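Only one structure is covered here, and it is reproduced in the block below.
Computed from the coordinates by the stated procedures, all read-outs in this text should not be read as laboratory data. Please read these numbers as outputs of a predicted model, since none were measured by experiment. Methodologically, a virtual Cβ is constructed for each residue, glycine included, from the backbone with ideal geometry; neighbour enumeration extends over all protein chains shown.
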Amino acid sequence: MTKNLRVKSSKYIDETNRISFKFNGKTYRGFKGDTLASALLANDVHLVGRSFKYHRPRGIMTSGSEEPNAIVQINPGTNRTEPNVRATEVEIYEGLEASSQNCWPSVEFDIGGINNFLSPFFPAGFYYKTFMWPASFWEKYEFFIRHSAGLGKSPTSSDPDIYDHQNVHCDVLVVGAGMAGILAAKNASKNNFKTLLVDEKNELGGSTIFENNEFNKIDNKSPSEWLKKEIEELKGIKNLEIKTRTSVAAYHQYNYLLARENLTDHLEAKYKTNKIRQRLLKIRAKKVILATGALERPLIFNNNDRPGIMLSSAIKKYSEFYGVACGSKNVFFTNNDSAYESALSLYDKGINVEAVIDIREQSESKIVKKVKEAGIKIYWSHSIVDTAGYKRLNSVSIMKLSNDGTSVTGSKISISCDCLGVAGGWTPAVHLYTQSGNKLKFDEEKKIFLPKQNTFDQISVGSCGGDFKIDEIINNLNQMLKDTLNINKTNLDNIKVEIDQENSKRNIWLLPSDKPLGKTKPFVDYQNDATAKDIKLALREGFRSIEHVKRYTTTGMGTDQGKLGNMHALGIIADTAGVKMGELGTTTFRPPYTPLTFGTIVGRNVGKFFDIFRRTPMNDWHVENKAEFENVGQWKRAWYYPINGETMHQAVQRESKAARESVGILDASTLGKIDIQGSDASEFLNRVYTNAWSKLAIGKCRYGLMLNEDGMVYDDGVTTRLGENHYIMTTTTGGAANVLGKLEDYLQTEWPELDVYLTSVTDHYATVSLCGPNSKKIIKKIIPDLDLSDENFPHMSFKKANIGNIHCRIMRISFTGEHSYEINVQASYGKDLWEKCMDAGKEFNITPYGTETMHLLRAEKGFIIVGQDTDGTMTPIDLQMNWIVSKKKYDFIGKRSLYRSDTMREDRKQLVGLLTDDPNIVLEEGAQIVSELDQSPIEMLGHVTSSYFSPNLNKSIALAVVRGGKDMMGKKLFVPMENKNINVTVANPVFYDEKNERLNA
Amino acid sequence: MFLINCPYCGERDQQEFKAGGEAHIERPKQPTELSDDEWAEYLFMRKNIKGVQFERWNHAHGCRKWFNMVRDTSNDEIKAIYKMGEKPPSQ
Ligand SMILES: [Zn+2]
């Protein structure tokens, strides 16, 4: 039977609502309002995990998001499992299951614990030093490390929960709902600022609402009572929105913050279904008020990590807020007054407090006197030199501290205890402040880093700004609110504060032991098992930069980013290296403040919403006819149409033959289409294409090649002149958006004098391409009154026509070398047009073909595909397309670059055809090409860019880029592959119908 | 994440914009008159300053207009925004 350490009824715990949950397979009970940590502590469970490196038993240290030790796996083995969750942040619910991480077979008996006894062999940089040699062994080491290390297990099936993103705009964002945050939010919202107040906890009030120091008064009330009234008054302020369970993860520039709002994690499974689990708030605030509070520091002494050793403030919170005593024999160890509040909190509830060990010589505050009066023994100028108890603290040993604090003297006293509260002072939570890009300053007296400045759109108030006493907090907050909100009255003007708070503190970063440092384990970073001696070793080995020491020792590199121990690490480095902490600088706190699940980050953009699909108007037909699809940019394009179980090769061979022998039909709707209008449209085309456009007659089409300013081919396509000042340009499918962007750039920035207007019409038209000798017969059937004679409608020309009463634009253009037409109709008629063509083509055995056949057919003709046969290093000259580069035009984009010494080199890679000596061998695209086989190293001349088996030529064909290739016609080269060398011959890239006779067939 | 004041649309989130490199590099009017070195200077050489830099930006997912921005690259402070063709503000 486990002990029940519930000592007090608390308004935050609903004792009528009992909840059962499982931890490491065992059932426990808690109450509504408990965290997993408070419920375990109420059941006297301290041991919750094992440390990362030494597998030392570890317990709950804190009561909040800074927790380094109590890291658990939630709902293990389910698809809702989540690793690395802080037990101090999990609100329990009926049916919750959690387990320890980083231990095997169990937290009670952990085989890895042997590392603890081997620890002299695991110094700082152990992994770096040990696994460097031999390099080839790394894979074996990695396997070992990955299996013995690791915090938690990732889920193995997809996340069933729904996540959401929301944009939020406000005048004032207040982060943190402690006393300062609440007062700031209240005054901002009452002065007509649209205000959002967020806090990571489920209750407002921060630490003030469980404040128990009877000597502090605000308006003659205890601070907690006073603040509860203030919180009550927040309700009903109309400009104020309050979000609890909402943790700010990141603070970016221009007051852009990301916060995670937790909506269902505290609910039973049956209430989670179909609800949004977490929402990522993307907040843009005009002003940000940071009221993030302060984190209590531990003290660094020998064996300061045992289960039962906790922050003093956490013990107070468990006692006052959750009504739980963390131990039955308690000791406090402190360098300031705050531990006395915790001691009294327990004493007042009848819990045994054995002693307070204080490294100061004395303190005269009222609360210290009260502890004395209570008969609790105080050891002044004493320090803990060791602790005992493997799975639970059972005693501490103390000795007298020397005056300079560097050594201990006298005899050792042992005090038996099961819980130790440690109070090392307070560190302002400046994490979000630094994320926003602002700098810190070091306060030598208080030994804390503080925000260097408040700006007009950001202030830090309360203890995160360095004010720890209630009177300081209220006075400074009052002034800052007036300044930043530009108001002259607040509700803080006439508040009366009485306090008994002393800032007296004796700061010693590393407390001495009677044993030499090498024989002690003073942990600085609990989660990563970095000790003070690791830090000192790093310094001895020559590390100086704080960032280097951090990486070498892994201090501050855990999921908690060293929220507790970073200051001590800095202090120890400064003391050892003999520099001032202010000069040392700090490490960088990076977002997120606490870890986020991937679900929250991606929100709704999962599954089919991960990336946008674009589908053509004929898509349904392709699906119904069992097309295989390929992704081209965001487009889903029909790839090939297998029938009767054909392989891709069989389908493509059949489609390619049909397109040349009778008629093929292709969905070309994805081609980019840009409508170009304006009185300077022709001049504009002259400047952006390599060839001349002024003389293109209305109703004619022309192929154009577009370069970058560096002379490299950028895009290509056919442009048609629709009218005197009107063109329609087509681009490659993938290049459409970029081409439009580039053209707009030139128009707006280089040539604003040109009267030209560009409109993207890609989605407005559906395009059906009919290809082959029977294509004309189909057009004749569907548009009987159109004169299709070569005289009236020659190759590279355009006609307007009607199919029934649907307007269409028909271009007689060809990407296959066959007699072909491209019919463009308004997108919504696309499927209808496609089906009409299929019907009309039935008697010619019309064959739908996909992108693969399109690529094969164009390769037979040696037509390039930008992006496949070019890669951003190919000029038109390299492509042997000199014919398209105008000699007469004074200028066009990229022209000057064609005359640079580099682009005129003869030995550039040039586009050629390749034929394999064995016509049945099809080369692999990307395969390297060489001229000598006996060389070593072998010189690569180029590579294969396109390769197919051509059914129309009944042999393998390929396009390739080869260094100096244009002068290699007929030369024998080799394509060396894994198991064989393939003999190839350089050929004309136009493999089929070199005289272009098919165009008019 | 910047908040950028598009001169045509007003304040918008950075994700609507595309950065377009250094501003005020005019395309030579007579490229054929230039030596290889002079052309390379236009084509390749960019400053990439730590400090106050003049940049081109495009409201790509908004009005598609290009404009200029003066930005301190060391702290990302946007010091000024002005339309294409307008004179840069004096430092
Ligand atoms: Zn705009």
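Contact order, relative form, for the range A:619-664: 23 percent (alpha carbon pairs under 8 Å, 6 or more residues apart, mean separation divided by residue count). Counting lysine pairs in the range A:905-1000 that sit 8 or more residues apart in sequence, or on different chains, and whose Cα atoms lie under 17 Å apart gives 4.
Scalar couplings 3J(HN,Hα) for the range A:79-94, obtained by applying the Karplus form with A = 6.51, B = -1.76, C = 1.60 to θ = phi - 60°, are 6, 9, 5, 9, x, 6, 9, 7, 4, 6, 10, 7, 7, 6, 9, 4 Hz; x denotes Gly and Pro.
Seen against the Cα atoms of chain A and their longest principal axis, helix A:338-348 is set at about 60 degrees.
The order of the peptides A:962-971, A:603-612 by mean Cβ neighbours within 10 Å, most packed first, is A:962-971, A:603-612. Quick one: angle between helix A:138-148 and the longest Cα principal axis of chain A, in degrees between 0 and 90, rounded to 10, please. For A:138-148 against chain A, the angle is about 50 degrees. Rounded to the nearest 20 debye, the dipole size of the range A:14-117 about its Cα centre is 340 debye, using +1 on the Cβ of Lys and Arg and -1 on the Cβ of Asp and Glu.
Using C-alpha pairs below 8 Å separated by at least 6 residues, the relative contact order for the range A:579-645 is 22 percent.
To make sure I understand, if each residue's beta carbon is the centre and we count other beta carbons within 10 Å, what order do A:Ile289, A:Ile237 fall in, fewest to most?
On the way: A:Ile289 30, A:Ile237 15.
Taking fewest neighbouring Cβ atoms as first place, the list is A:Ile237, A:Ile289.
Pairs from the table (A:Lys32/A:Lys469; A:Lys32/A:Lys505; A:Lys521/A:Lys580; A:Lys287/A:Lys563) lying more than 29 angstrom apart at Cα are A:Lys32/A:Lys469; A:Lys32/A:Lys505. Using θ = phi - 60° in the Karplus curve 6.51 cos²θ - 1.76 cosθ + 1.60, the 3J(HN,Hα) couplings for the range A:423-433 round to 10, x, x, 10, 10, x, 7, 9, 4, 5, 4 Hz; x is entered for Gly and Pro. Using the Karplus relation 6.51 cos²θ - 1.76 cosθ + 1.60 with θ = phi - 60°, the per-residue 3J(HN,Hα) values for the range A:393-406 come to 3, 10, 6, 10, 10, 10, 9, 6, 8, 5, 4, 7, x, 9 Hz, with x marking Gly and Pro. Net charge dipole, the protein assembly as shown: roughly 1940 debye, given to the nearest 20, about the Cα centre with Cβ charges of +1 for Lys and Arg and -1 for Asp and Glu.
For A:Gln910, the shell of other residues with beta-carbons less than 12 Å away shows a net charge of 0, using +1 for Lys and Arg and -1 for Asp and Glu.
Listed by chain and number, the aspartates and glutamates placed with their C-alpha closer than 17 angstrom to that of A:Lys776 are A:Glu661, A:Asp785, A:Asp787, A:Asp790, A:Glu791, A:Glu818, A:Glu822, A:Glu835, A:Asp839, A:Glu843, A:Glu997; residues fewer than eight positions away on the same chain are left out. Simple rule: put +1 on each Lys or Arg Cβ and -1 on each Asp or Glu Cβ in the protein assembly as shown, find the dipole, and look at A:Asn302, A:Asn882, A:Ser897; the Cα lying farthest toward the positive end is A:Asn302.
Among the trypsin sites (Lys or Arg not before Pro) in the range A:1-97, which ones are in a DSSP loop with at most 13 other Cβ atoms within 10 Å of the Cβ? Mind listing them?
Listed in order of number, the matching sites are A:Lys3, A:Lys11.
Going from the residue with the fewest nearby Cβ atoms within 10 Å to the one with the most, A:Glu994, A:Glu818 rank A:Glu994, A:Glu818. Less than 5 angstrom separates the built amide H of A:Phe332 from those of A:Ala355, A:Val356, A:Ile357, A:Gly421, all sequence-distant by 5 or more or on a different chain. Taking Cα atoms, how many degrees apart are the long axis of helix A:470-485 and the longest axis of chain A, rounded to 10 and kept between 0 and 90? Helix A:470-485 and the main axis of chain A meet at about 30 degrees. The ellipsoid that matches the Cα gyration tensor of the protein assembly as shown has semi-axes, each √(5λ) in whole angstrom, of 71, 33, 30, with the longest given first. Close amide-amide hydrogen proximity is noted between A:Met977 and A:Ile982, each under 5 Å apart and 5 or more residues distant or on a separate chain (H modeled in the peptide plane; Pro and chain starts excluded).
Fewest neighbouring Cβ atoms within 10 Å first, the residues A:Arg551, A:Arg260, A:Arg721 line up as A:Arg551, A:Arg721, A:Arg260.
Within the range A:840-902, the chymotrypsin sites (Phe, Trp or Tyr not before Pro) that combine a DSSP coil assignment with at most 15 other C-beta atoms in a 10 angstrom radius are A:Tyr890. Counting Cβ atoms of other protein chains within 10 Å of each residue's Cβ and taking the mean over peptide A:881-891 gives 1. Magnitude of the charge dipole for the range A:619-664, about its Cα centre and with charges confined to Cβ atoms of Lys, Arg (+1) and Asp, Glu (-1), is about 120 debye. Its relative contact order, with pairs defined as Cα atoms under 8 Å and 6+ residues apart, puts chain A at 9 percent. Across the options A:Thr244, A:Gly542, A:Trp751, the greatest Cα extent toward the positive end of the charge dipole of chain A (unit charges at beta carbon of Lys, Arg, Asp, Glu) belongs to A:Thr244.
Return the loop-located GluC sites (Glu not before Pro) in chain B (DSSP other than H, G, I, E, B) with at most 13 other Cβ atoms within 10 Å of their own Cβ; answer none if there are none.
Sites meeting the loop and neighbour criteria: B:Glu26, B:Glu86.
Please name whichever of B:Gly10, B:Tyr42, B:Asn75 sits farthest to the positive end of the charge dipole of the range B:3-83, dipole taken about the Cα centre and charges placed at Cβ: Lys and Arg +1, Asp and Glu -1. Result: B:Gly10.
Considering only the protein assembly as shown, what is the antiparallel percent among its DSSP beta bridges, to the nearest 5? Before the final figure, lay out each step's value.
Values: 153 of 200 bridges.
Antiparallel bridges make up about 75 percent of those DSSP assigns within the protein assembly as shown.
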